[in-house]
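Where a number appears in this text, it was derived from the coordinates with a stated rule and is not lab data. A quick note: this is a predicted structure, and the numbers were derived from the prediction, not measured. Cβ atoms come from the backbone with ideal geometry, glycine included; neighbour counts cover every protein chain shown.
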Amino acid sequence: MTRLIIEIVVLAGLALAGVMIALGANAYVVQLLFSTALAVTLAVGWNLIGGMAGYVSFGQVAFFGLGAYAGALAMLTWALPWPLAIVLAASLAALLAWPLGRIMLRLSGIFFALGMFGLARVAQIIVNALAITGGPMGTSIPTAEGPAATAMAMVALATGAVALTMAISRARFGLRLAALRDDAIAAAAAGVDTSRVKVMAFCASAGLAAAAGALYARNVGYIDPASGFAGTIELQTVLMVLAGGIGTVWGPVLGGVLISLLSTVLWARFPTEQQIILGALTLVLAIAMPGGLASIPPLSLWLRRPPLGVFKPTAFTPTAMEKAPAAVAVNGESAVLACRGLGKRFGGVVAVAGVDLAVAPGEILAVIGPNGAGKSTLFDMLSAFSAPSSGEIRFRGAPRGTMPPHLLARAGLARTFQTSRLFPRLTVFETVLLAATSHHPRWRDAEQATSALLVATDLVGDAERFPDALPPGRQRLLEIARALALAPAVLLLDEAMAGMTVAEIARVQAVLRAAAGRGTAIIAIEHVLPAIAPLAMRALVLDNGQTIAEGAPDAVLADPVVIEAYLGVDAMALAS
């Protein structure tokens, strides 16, 4: 809370200083203030999608240009007051960004960056060809009454952009953005609607860029395709965020101020070399200081994202763990999760062939088999991360259909992964809290459930640490805690006890017994057979994608067919 108050005071102080400069300084300084506030707005807006969501864009200038034209045409064609025209431009950009984001954000990495670059060029070509925009000659609009009015408006927009980022970084949405940036698959497994989250960030980013463009057009009184869609705007925006610290709240503010002032100085002294110098500076920063100013120790404590969630020591009671129905035996319709004839082909390779499986509430089923038997592929299909080639899956008595992974997780089917998928930039507490917020609408309830799970999994002492600082066994414990935070009806564990110490295995066994006692059905893939054998009520053995044995664990492990599958030799020959 103290940090939040300090940040609010700093932001209010900067805004007040900007207003005082706009009202009292000469025209040159006021225009410099406008340019600096514009740079901060663009940097903060780009950081929402490029830093906080992790989708590096080379085309946010498309929304800047569209906003500039939309604002200009609204003032010229409909005679709207310029503040209303700016709001309209931002709204139109955000609305346009929704369907565009649904398409463009299916790409990732360099493909998304290039797609956005192409979007900016297409927008420039369209504007260049339309008569209503003035074509390549551009169009003039009435300028503001004076530079002070637009400078104060831009200061207000920059202040609002920073305040929005501050609010997002401390909210459920910000936690989900951070998880999406680190690992989208793990985020979906934790119940995050990754598509919706990234599109919302894209729309907010587009709206800020468009509002800045509309104010820019009002300030200069003229807009043409070359200035509205200038590649230098995109270059400088990316440089600002890199310089300050990508993904942070205050990094883009510092970077925006510094690079804006530096760009002004370079333009005054080296007008023809300005872009070369800025491009070289971008390369140097990306290589020598990829974290920007936020990576410098004295600043990093304040520039990095504040951790979310409050530890609740009073929540550590058995009732803090959500209760589920009592365990029942499997008999057809009683199964909470079942599949029949489930198969998966990758071209001509059959990974899973006709597997039947059923598990009842409170039952622990072990799925074992040699490497390459199709166990993880089976889990991918059960949890909706891979579509079956054949067969049917029923969850809670109804066909699962095409329910996406995040909705399936919220409905009560949680999983871990064969290789731990955690979030490097979320603390242990935040990692579990992320999944808890998908199940608990109230933030306080999510915090309490998270605290209870950290106690149950013996992770209390690691609550403020990051996953990379944990040994492999405790990383596995963290992933199990994250899955249990969804209060699942079915828990899929993919080699969850691999790499654990004896004490950690004992802790996991106790947690799983407690979960099964509350009615959670557990399906566990394990190579550490002594770890799962004391827990399992049944065992199912896969080999080459097919079920070769099923029944009581002791009987299954003594089956000659199973022994041959594991050891590659005939059991009778081994006995002799």
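The table for this structure:
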item: Protection-proxy order for peptides 231-238, 482-489, 264-271, each taking the mean of Cβ atoms within 10 Å per residue, highest first; result: 482-489, 231-238, 264-271
item: Summed residue charge, Cβ within 15 Å of Ala510's Cβ, Lys/Arg positive, Asp/Glu negative; result: +2
item: Alpha-carbon radius of gyration plus Dmax, which is the widest Cα pair, for the stretch 326-575 in Å; result: 17.9, 61
item: Relative contact order computed over the stretch 326-575 (Cα-Cα under 8 Å; 6+ residues apart), in percent; result: 26
item: Stretch gain in nm, segment Leu529-Ala469, where the contour uses 0.36 nm per residue and the Cα spacing is subtracted; result: 18.8 nm
item: Percentage relative contact order, the chain, counting C-alpha pairs under 8 Å, at least six apart; result: 15
item: Debye log10 I(q)/I(0) at q = 0.07 Å⁻¹ for the chain, Cα point scatterers; result: -0.52
item: For the stretch 469-517: relative contact order, % (alpha-carbon pairs under 8 angstrom, 6 or more apart); result: 44
item: Within the chain, helix-based [θ] at 222 nm, where runs of 4 or more DSSP H residues each add -39,500 (n - 2.57), nearest 500; result: -18000 deg cm²/dmol
item: Rounded, prolate or oblate (a/c below 1.5 giving rounded, otherwise prolate when a/b exceeds b/c) for the stretch 1-129 by Cα gyration tensor; result: oblate
item: Calculated from backbone phi, Karplus (6.51, -1.76, 1.60) coupling profile of the stretch 44-57 in Hz, x at Gly/Pro; result: 5, x, 5, 5, 4, 9, x, x, 6, 9, x, 9, 5, 10
item: Distance in nm between pseudo-label sites at Val265 and Leu235 (7 Å out along the Cβ direction from Cα); result: 1.9
